[in-house]
Amino acid sequence: MKQHTVDIITLGCSKNLVDSEHLMGLLEAHGFHCTHDARHPQGDIAVINTCGFIADAKEESVNTILEFAEAKRAGRLRRLYVMGCLSERYLTDLEEELPEVDRYFGKFNYRELLKELVKDARLSPADHRLRHVTTPGHYAYIKISEGCDRHCAYCAIPLITGKHVSRPMDEILGEVRDLVGQGVKEFQVIAQELTYYGRDFDGKEHITELISRMADIEGVQWIRLHYAYPNQFPLSLLDVIRERPNVCKYLDIALQHITDHMLQRMLRHVTKEDTLELIKTIRQRVPGIHLRTTLMVGFPGETEEDFEELLQFVREARFERMGAFAYSEEDGTYSARHYEDDVPAEVKQRRLDRLMSLQQEISAEVEAEKVGQVMPVIIDRREGDYYVGRTEFCSPEVDPEVLIPVTGRQLRRGHIYQVEITHSEEFDLYGRVLKA
């Protein structure tokens, strides 16, 4: 067992991953060796960064804590700490039910862990610049804000993270420059709601300025935008996506549903007409853009008519990327307090299966249209007989990949090559690198 080795286990979203990476950077600056997502304890200290968004995520977090608590009881682990969304939301309950954990930290005070481990340790305002990137070295996530002011009926995020708080723009741009200096070329810009960025400064929209200034930084080759909101969408951002060659023609915008009945019950503050007009505007102003969205089925009160209208919407909108999930009631949310969870589980699953089956057909058609095109592809890794990469239209881990057969030519991870797409499958493409 290595002394001064800390295992960081990250559960949940990429925003949690950024927190883990900052914690790793902070601990390593004070002499610790950190490992990330070890399957079993590797050192004498473990930190579990939890997710508390939906029931499945909470269950995974609790099970992981139990697994490492057992390792502690068996003597394979000396100290166990828990941080993140689950402990932010259920701190008192966790302390009572899982006392094996040495200490719980929330979503925002996890840097205090350093004081637990290092006597007389002092936290510096400059600590935000410390970060150990755990993704492949050519891409990283950039979190531009915390919290959300939207208060959708089903969502527990505002209960966990509180009100929207934007990071200072110069701090974000400084982090991008630091990461470029470490070899990062591709940046996934993330937030609970990125289009709200800066409104807490002065009531005005600042996401367009931020992305434009980020695109100006030498060495930034790709910028990809995640988690926009349809209400009050800043249309000026579309000009930046269209005009700046290093801003990917890609937008992740969660719509959740389409019928006015459901959108009203979900407290989305947007109508079907608003949504259709926004999609039309986005596609007109940014030709070739790939839209990713997330949809929900089985929200309280969803009728078969609502669901059929949702299916028709997906058929017509033809989202290039789409995820979906079934509603689960979350403690303290508006829907948990005011609605009965009245859609049976088997109906939710049936609707989810039908929706994803439809999207599978659409995805296959969208990807088939790329056959014969030449596209820039960034190489992420080699797997067996293939190099695996992505186009600008694909975010890591969630979107289709491009598989390139290994030949005599060696491809370098993190480099962008011109690739001719030779054939496609439902969710992946195949291609060959053109000679320089």
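In plain terms, the C-alpha convex hull of the stretch 212-305 casts an average shadow of 6.6 nm² when viewed from every direction. Computed extension length for Glu397-Glu171: 78.7 nm, one decimal, from 0.36 nm per residue of separation with the Cα-Cα distance subtracted. The Cys residues in the chain with no partner Cys Cβ within less than 4.7 Å of their Cβ are Cys13, Cys34, Cys51, Cys85, Cys148, Cys248, Cys394. Using only side-chain charges placed at the Cβ, +1 for Lys and Arg and -1 for Asp and Glu, the dipole size of the stretch 116-197 relative to its Cα centre rounds to 60 debye. Accessible area per residue for the stretch 210-263, computed on protein heavy atoms with a 1.4 Å probe, is 32 Å².
If you take the Cα centroid of the stretch 288-313 and the Cα centroid of the stretch 142-165, the two points sit 22 Å apart. Taking every DSSP bridge with both residues inside the chain, close to 35 percent are antiparallel. Paramagnetic label reach from Leu235 (point 7 Å along Cα→Cβ; backbone nitrogen cut-off under 15 Å): within the stretch 255-276, residues 274-276.
Here r is the Cβ-Cβ distance between Arg213 and Arg73 and R0 is 56 Å; the resulting FRET efficiency, rounded to 0.05, is 0.65.
Taking all protein chains together, His33, His269, His132 sort by accessible area into His269, His33, His132, largest first [probe 1.4 Å].
The charge dipole of the chain, taken about its Cα centre with unit charges on the Cβ of Lys, Arg, Asp and Glu (plus for the first two, minus for the last two), comes to roughly 1700 debye.
Look at the alpha carbon pairs under 8 Å that are at least 6 residues apart: their mean separation over the length of the chain gives a relative contact order of 10 percent.
Translational D (Stokes-Einstein, µm²/s) of the stretch 118-241 at 37 °C and 0.692 mPa s when Rh comes from the Kirkwood sum over C-alpha pairs?
Taking Rh from Cα pairs, D becomes 210 µm²/s.
Using Cα pairs closer than 8 Å and at least 6 residues apart in sequence, work out the relative contact order for the stretch 18-93, in percent. About 34 percent, as a whole number. For the stretch 187-346, carbon and sulfur atoms together expose 46% of the accessible surface, with a 1.4 angstrom probe and every protein chain in place. Of the trypsin sites (Lys or Arg not before Pro) found in the stretch 1-64, those in coil by DSSP whose Cβ has at most 16 other Cβ atoms within 10 Å are Arg39. Only Cα pairs under 8 Å and 6+ residues apart enter the sum, and on that basis the relative contact order of the stretch 198-253 stands at 39 percent. Evaluating kT/(6 pi eta Rh) at 10 °C and 1.306 mPa s, with the Kirkwood radius of the chain over Cα pairs in the Stokes-Einstein relation, gives 68 µm² s⁻¹. Toward the positive end of the charge dipole of the stretch 151-195, with +1 on the Cβ of Lys and Arg and -1 on the Cβ of Asp and Glu, the farthest Cα among Gln192, Pro168, Cys155 is that of Cys155.
Viscosity 1.567 mPa s, temperature 4 °C: give me the Stokes-Einstein translational D for the stretch 47-186 in µm²/s, with Rh taken as the Kirkwood radius over C-alpha pairs.
75 µm²/s
Toward the positive end of the charge dipole of the stretch 317-436, with +1 on the Cβ of Lys and Arg and -1 on the Cβ of Asp and Glu, the farthest Cα among Leu358, Thr422, Tyr339 is that of Thr422.
Based on alpha-carbon atoms, the Kirkwood radius and the radius of gyration of the stretch 285-406 give Rg/Rh equal to 1.08. Less than 5 angstrom separates the built amide H of Ile223 from those of Phe187, Val247, Cys248, all sequence-distant by 5 or more or on a different chain. Taking every DSSP helix (H) stretch of at least 4 residues in the chain, weighting each as -39,500 (n - 2.57) and dividing the sum by the residue count yields a mean residue ellipticity at 222 nm of -10500 deg cm²/dmol. In the stretch 30-113, one over the average inverse separation of all distinct C-alpha pairs is 13.0 Å, which is the Kirkwood hydrodynamic radius. Farthest toward the positive end of the dipole of the stretch 25-90, out of Leu80, Asn49, Ser61, is the Cα of Leu80, where the dipole comes from beta carbon charges about the Cα centre.
Sparsely packed loop sites in the stretch 182-218 (the trypsin sites (Lys or Arg not before Pro) outside DSSP H, G, I, E and B with at most 11 other Cβ atoms within 10 Å) comprise Lys204. Given a Förster distance of 51 Å, report the FRET efficiency between His30 and Glu304 from their Cβ-Cβ distance, rounded to the nearest 0.05. That gives a FRET efficiency of 0.30. Pair-distance distribution of the stretch 1-69: all C-alpha pairs, bin width 5 Å, starting at 0; shares per bin in whole percent are 4, 18, 26, 24, 17, 8, 3, 0.
The values are calculated or read from the model by the stated rules, or taken from the named source; none is laboratory data. Quantities reported herein were computed from a predicted structural model and do not represent experimental measurements. Heads up, the Cβs are rebuilt from the backbone with ideal geometry, glycines too, and the neighbour counts pull from every protein chain shown. These area figures cover heavy atoms from the full protein model, side chains too; ligands, DNA and RNA do not enter into them. Shrake-Rupley method; radii C 1.70, N 1.55, O 1.52, S 1.80 Å.
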